[in-house]
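K.L.:
Please see the structure below; I have some questions.
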Amino acid sequence: MKLAVVMVLLILSGYVSSPAHVPNFDNFHTPVIKPGEMGEFNFTITNRYVNQMEDVVLTVSIYMWATEDDHKNITEIHHPPVIKESGDVNYTLKLGILKPGINRSVSFHIRTFGDTPDGVYFVRFSIIFSYNGSTYMMWSPGFFPKEVWDNATKNHTINLDYLSLYLGKRVDGIIPDSSFSVKSDYTWILYVLIGITTFVGFMAFYTYFKEEEITNSVDEKYYELKGKYRELERKLKKMKKQGNQKP
């Protein structure tokens with residue numbers, strides 16, 4: 001009897017942690033904000049399990065600033081952007097129950113200051129919830145230094161136990177990062193940064209999904225995104241050329 005219970009728990013754990021089933025973060029609308037102004041950040045979360053998720057708590061953190069030439073922890077930035085609803089770089093939302101297959105909209109506002117530095121600001125997420133009587137904790141890659149993430153994902157696999165050991169908390173699954181931008185002038189380089197960020201982030205998850213044998217739909221998404229990225233790159237070069245030709 002005990003062995004059967006253990007087997008059920010192991011099977012359930014693998015099911016909950018599978019990249020095909022972890023809560024889906026999608027439909028991101030991320031702002032480009034001028035210093036001193038405010039923008040809305042929103043996206044959806046979808047429960048991809050067969051049963052409802054309960055006591056869902058989502059934490060959002062602005063954790064890093066970057067430009068083409070530099071990057072810093074958010075604590076090193078003078079007057080960084082904050083989340084208006086919390087007045088801080090961290091914001092916790094209690095989402096309650098997420099029913100299977102239903103998109104839940106999440107929205108908050110990014111507030112900047114007159115001297116907030118231009119650049120791309122990276123956002124990480126964690127989500128804690130109960131499922132079939134057990135509690136699960138999931139984190140985005142932004143919680144882990146590059147060397148830790150690289151070690152955990154070498155050989156095209158992901159080692160959740162290794163990530164748990166580093167974090168000092170259980171890591172039951174991986175959810176995505178995101179970003180938004182602060183820019184005094186909406187120039188072409190901003191969109192290059194956003195495009196590169198999206199492309200690199202997708203590639204990290206593509207590797208993970210590939211190892212989990214989720215191939216066909218992911219392959220299609222990969223090539224679709226790659227084509228869009230190339231088209232974006234072409235348009236940006238054209239915009240830059242036209243900008244240089246202006247008197």
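The values are calculated or read from the model by the stated rules, or taken from the named source; none is laboratory data. Here the structure is a predicted model, which is why all the values come from computation and not from measurement. Virtual Cβ from ideal backbone geometry, glycine too; neighbours counted across all protein chains shown.
K.L.:
Of the conditions (1) surrounded by fewer than 16 Cβ atoms within 10 Å (Cβ to Cβ); (2) modelled with pLDDT of 95 or more; (3) part of a strand (DSSP E or B), Asp26 satisfies every one except a single condition; which number is it?
P.N.:
With respect to (1) surrounded by fewer than 16 Cβ atoms within 10 Å (Cβ to Cβ); (2) modelled with pLDDT of 95 or more; (3) part of a strand (DSSP E or B), Asp26 is out only on (2).
K.L.:
So the check is Cβ under 7 Å with 6+ separation or different chains; which pairs have a first residue in the stretch 85-104 that's over 17 Å from Asn24 (Cβ atoms) and a second one that's hydroxyl-bearing (Ser, Thr, Tyr) and surrounded by 12 or more Cβ atoms within 10 Å (Cβ to Cβ)?
P.N.:
Glu85/Tyr91; Val89/Ser61; Asn90/Thr59; Asn90/Ser61; Thr92/Thr59
K.L.:
Being more than 16 Å from the chain's Cα centre (by Cα), among the polar types (S, T, N, Q) and surrounded by 13 or more Cβ atoms within 10 Å (Cβ to Cβ) is the filter here; which residues of the stretch 48-92 pass it?
P.N.:
Gln52, Thr67, Ser86
K.L.:
Could you list all residues from the stretch 101-112 that are of a type outside the set (A, V, I, L, M, F, W, C) and either over 13 Å from Phe129 (Cβ atoms) or in contact with an Asp or Glu (Cβ under 9 Å, 6 or more places away or on another chain) (or both)?
P.N.:
Gly101, Asn103, Ser105, Ser107, His109, Arg111, Thr112 - these are the residues of the stretch 101-112 that are of a type outside the set (A, V, I, L, M, F, W, C) and either over 13 Å from Phe129 (Cβ atoms) or in contact with an Asp or Glu (Cβ under 9 Å, 6 or more places away or on another chain) (or both).
K.L.:
Additional query: Quick one: Ser164 ticks every box in (1) assigned to a helix (DSSP H, G or I); (2) more than 20 Å from Pro23 (Cα to Cα); (3) hydroxyl-bearing (Ser, Thr, Tyr) bar one, so which box is it?
P.N.:
(2)
K.L.:
Please go through the stretch 19-71 and pick out each residue that is aliphatic (A, V, I, L, M), closer than 21 Å to Asp115 by Cα and out of contact with any Gly (no Cβ under 9 Å at 6 or more places or on another chain).
P.N.:
Met38, Ile62
K.L.:
Across the stretch 97-144, which residue is farthest from Pro176 (Cα to Cα) among those that are small (Gly, Ala, Ser) and buried (at least 17 other Cβ atoms within 10 Å of the Cβ)?
P.N.:
Here the answer is Gly119.
K.L.:
Could you say whether any residue in the stretch 56-68 is more than 19 Å from Gly142 (Cβ to Cβ) and modelled with pLDDT of 95 or more?
P.N.:
yes
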